[in-house]
1. Only one of these conditions is not met by A:Gly146: (1) open to solvent by 20 Å² or more (accessible area, probe 1.4 Å); (2) at pLDDT 95 or above. Which number is it?
2. Quick one: which of A:Ala57, A:Ala69, A:Ala104 is over 30 Å from B:Ala48 (Cβ atoms) and touching a residue at least 60 places away in the same chain (Cβ under 8 Å)?
3. Go through the range B:34-63 and count every residue that is among the basic types (Lys, Arg) and at pLDDT 95 or above.
4. For the condition of a type outside the set (Ser, Thr, Tyr), in a loop (DSSP other than H, G, I, E, B) and within 8 Å of chain A (Cβ to nearest Cβ), what is the one hit in B:Glu5, B:Glu20, B:Glu9?
5. Inspect all residues belonging to the range A:57-71 and state whether any of them is at positive phi, within 16 Å of DNA strand D (Cβ to nearest atom) and within 17 Å of the chain's Cα centre (by Cα).
6. Only residues that are within 13 Å of DNA strand C (Cβ to nearest atom), part of a loop (DSSP other than H, G, I, E, B), open to solvent by 50 Å² or more (accessible area, probe 1.4 Å) and away from chain B (no Cβ under 13 Å): list them for the range A:27-80, please.
7. Can we say B:Arg103 is open to solvent by 60 Å² or more (accessible area, probe 1.4 Å), more than 10 Å from DNA strand C (Cβ to nearest atom), within 18 Å of B:Ser25 (Cα to Cα) and away from every other protein chain (no Cβ under 14 Å)?
There are 2 protein chains.
Amino acid sequence: MPDQEPEMEIVHLLRAVTVELGAHSARFAQRNGMHPTDVRALIALMDAARAGEAVTAGHLGAALGLNSAGTTALVDRLERAGHVRRVRDERDRRRVTVEVDERAVALGRSHFGPLIGRAVELLRGYDERELAAIRGFLTGVREAAGDDGREPDHNDRG
Amino acid sequence: MPDQEPEMEIVHLLRAVTVELGAHSARFAQRNGMHPTDVRALIALMDAARAGEAVTAGHLGAALGLNSAGTTALVDRLERAGHVRRVRDERDRRRVTVEVDERAVALGRSHFGPLIGRAVELLRGYDERELAAIRGFLTGVREAAGDDGREPDHNDRG
DNA sequence: ACAAGTATCTCGTTCACCGAGACAATACCG
DNA sequence: CGGTATTGTCTCGGTGAACGAGATACTTGT
């Protein structure tokens, strides 16, 4: 067990954080009669809304790795629960854009708000250099997790 | 949109990291014909193995939030794929302990190894104070995500 | 107007997970 | 020791998310 390196403590800690955050989302899902996928969908939709982008059914499905049938079922479910609305795009009437309902946003805020607030509070306790370290580490890990299967296999992509 | 606070950048970054890490695990799962739950199970088993603890079928199911039927199905699947072995506990023969196969560990290492290696490499670039900041932030978030349903919703967990 | 292309939805199937309960082994109690 | 309660796992039947294939609706190019 080559776990001597002190850096491993933080690596395990990061993994523990992702597990806890996953469990936190799962609880939100279960409390509101949703599935993990539905929560992921709402988050993706809110991210897009924040960026000012409209999301079509197809985009949403692609972002979540679902096929068209699964995407339709997902949007049906969310719409039935009143979390999103289907809006036919008037420019291209084949398209259906999916918009989050305000109440779903509020619901999400009421669940994730305290956690986010706590995180912001924690971050306020650090100076610029410390913040840069946190930012740098997270950015590096995100990139490393994204470059995946680039090295391990011989597969040359793109 | 109260997103002015600069701390929010890091909060979104952390969320992006968890998304990427989730996608990374999902890719591992898919490449090896497994489901997300199977990967979570293997990780839980390896964590327990590292801590020197034996894991029974029941423990595993509880850790993953599955009922007994689902747990049996999970262990069946993992055993069929050769990732784990069922071992009857000789002390208490009602119990079935689940042991990870060495090849599953090796498989996991080959997938997650590069990512872990990159994280360790990143961490080596920081001094003690920066490491303490990273550790402190992650620990705080983990705890905040764990204290959940204590304040936020009206719903008192059962 | 017609063919080709694109976006979504419908249909039938598969499989993870659930609830209920069966079965096996142990612990408690006289 | 025998009997009953308890505990841990597995079996059975059912529900629903997601899949593959193909139908349907709209747009674009000629």
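The values are calculated or read from the model by the stated rules, or taken from the named source; none is laboratory data. Since this is a predicted model, take the numbers as computed values, not measurements. Neighbour counts run over all protein chains shown; Cβ positions are idealised from the backbone, glycine included. All accessible areas refer to the heavy atoms of the entire protein, side chains included, with ligands and DNA or RNA removed. Shrake-Rupley method; radii C 1.70, N 1.55, O 1.52, S 1.80 Å.
1. With (1) open to solvent by 20 Å² or more (accessible area, probe 1.4 Å); (2) at pLDDT 95 or above applied to A:Gly146, the lone miss is (2).
2. Values: A:Ala57 fails: touching a residue at least 60 places away in the same chain (Cβ under 8 Å); A:Ala69 fails: touching a residue at least 60 places away in the same chain (Cβ under 8 Å).
Result: A:Ala104 is the single residue among A:Ala57, A:Ala69, A:Ala104 that is over 30 Å from B:Ala48 (Cβ atoms) and touching a residue at least 60 places away in the same chain (Cβ under 8 Å).
3. Let us first name the residues in the range B:34-63 that are among the basic types (Lys, Arg), namely B:40, B:50.
Keeping just the survivors that are at pLDDT 95 or above gives B:40.
Qualifying residue count for the region: 1.
4. On the way: B:Glu20 fails: in a loop (DSSP other than H, G, I, E, B); B:Glu9 fails: in a loop (DSSP other than H, G, I, E, B).
Matching residue, one of B:Glu5, B:Glu20, B:Glu9: B:Glu5.
5. Initial filter on the range A:57-71 (at positive phi): A:65.
Applying the additional criterion that residues be within 16 Å of DNA strand D (Cβ to nearest atom) yields A:65.
Going one step further and asking which of them are within 17 Å of the chain's Cα centre (by Cα), we end up with A:65.
The answer is yes; a qualifying residue exists.
6. Scanning the range A:27-80 gives A:Ala54, A:Asn67.
7. On the way: open to solvent by 60 Å² or more (accessible area, probe 1.4 Å): yes; more than 10 Å from DNA strand C (Cβ to nearest atom): yes; within 18 Å of B:Ser25 (Cα to Cα): yes; away from every other protein chain (no Cβ under 14 Å): yes.
So B:Arg103 fits the description; yes.
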